[in-house]
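This report refers to the structure that appears directly beneath it.
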Amino acid sequence: MGYRFSDLTAACQDDWRAYIEHDFVRGLADGTLEEGAFRHYLKQDYLFLIHFARAYALAAYKSRTLDDLRQAHEGLKAIVDLELGLHVGYCREWGISEATLAELPEARATMAYTRYVLDTGNRGDLLDLHVALAPCLVGYGEIADWINARAGTLRGDANPYDAWIAMYESEAFQAARNAEEAWLDARLADVTPARFEELTQVFRDATRLEIDFWQMGLDRAL
């Protein structure tokens, strides 16, 4: 019997739960997150999206099949043509101008995770790259699930972060999350135990760097 994505999260359970249930996420869920912390996170997430697009460009280069090439191309187009524009608009609602975004310094946590993803993709193969990206694409979908299943979650106008939650619980995002999990399941099914251990370390490292990204937002650190 082959491996699945759920085997990666099970192998890194403590780090995965620390990421999904981080204090930053809890603050988003109950509406108590300090607004300055959220604005800092939004700014750095803009920079992250730019590097996320670069990762999809790298995925196109690493693709060996037309299907994988098309997937990478669609991911790159979605970020550059749609998501970055939506993010800029959302930042504007929080008083952050596009000019401000263009002049942002990168926080160390932003550099650490994005460069880790790109380095992992450069030295490894397409599966390494997808596993390094999974805490973001799959993780944000699971975070939305966890927020909505949590008893203390506040939804609607009373929560200033309701639109953020809605973004990741949306049908479009959850479809992308499910498609990524299916892609990973199909590739992980054929790996050896030794290869799975390598991928587990990539996933663990990436998850820990995502935890640091949340903490960067809380601390408003650069």
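The eigenvalues of the Cα gyration tensor, multiplied by 5 and square-rooted, give region 34-121 an equivalent ellipsoid with semi-axes of 27, 15, 8 Å from largest to smallest.
According to the Kirkwood relation over distinct C-alpha pairs, the hydrodynamic radius of region 90-222 is 16.8 Å. Three semi-axes describe the equivalent ellipsoid of the chain; taken as square roots of 5 times the Cα gyration tensor eigenvalues and ordered largest first, they are 28, 20, 16 Å. Where in region 105-136 does the amide nitrogen come within less than 18 Å of the point 7 Å from the Cα of Q201, taken along Cα to Cβ? Taking a point 7 Å out along Cα→Cβ of Q201, the residues of region 105-136 whose backbone N falls under 18 Å are 116-133. Summary of the geometry: region 96-121 and region 1-42, compared by the centres of their Cα atoms, lie 19 Å apart.
Just in region 1-31: which trypsin sites (Lys or Arg not before Pro) are loop by DSSP and have at most 16 other Cβ atoms within 10 Å? Those satisfying the criteria are R4.
Computed from backbone phi, the HN-Hα couplings of region 13-19 come to 4, 5, 5, 4, 5, 4, 6 Hz, rounded to whole numbers (Karplus: 6.51 cos²θ - 1.76 cosθ + 1.60, θ = phi - 60°; Gly and Pro given as x).
Looking at region 1-69, the GluC sites (Glu not before Pro) that sit in a DSSP loop and have at most 16 other Cβ atoms within 10 Å of their own Cβ are E21, E34.
Put simply, when 39-48, 61-70 are sorted by average Cβ atoms within 10 angstrom per residue, most first, you get 39-48, 61-70.
With the simple spin-label model, which puts each label point 7 Å out from Cα in the Cβ direction, the E98 to S170 separation comes to 1.8 nm.
Measure nothing but the geometry: give the 0 to 90° angle between the long axis through the Cα atoms of 126-149 and the longest principal axis through the Cα atoms of the chain, rounded to 10°. The angle comes out near 40 degrees. Against the empirical curve 2.2 N^0.38 Å, the C-alpha radius of gyration of region 9-74 lands at a ratio of 1.55. Label positions at Y90 and N178, each projected 7 Å from the Cα along the C-beta direction, are separated by 2.1 nm. Axis angle, to the nearest 10 degrees, between helix 66-77 and the longest C-alpha principal axis of the chain: 10 degrees.
Each reported figure results from applying straightforward, stated rules to the coordinates on display, with no laboratory input. On a predicted model such as this, the values are computed, not experimentally measured, just so you know. Backbone-built Cβ (ideal geometry, glycine too); neighbour counts: all protein chains shown.
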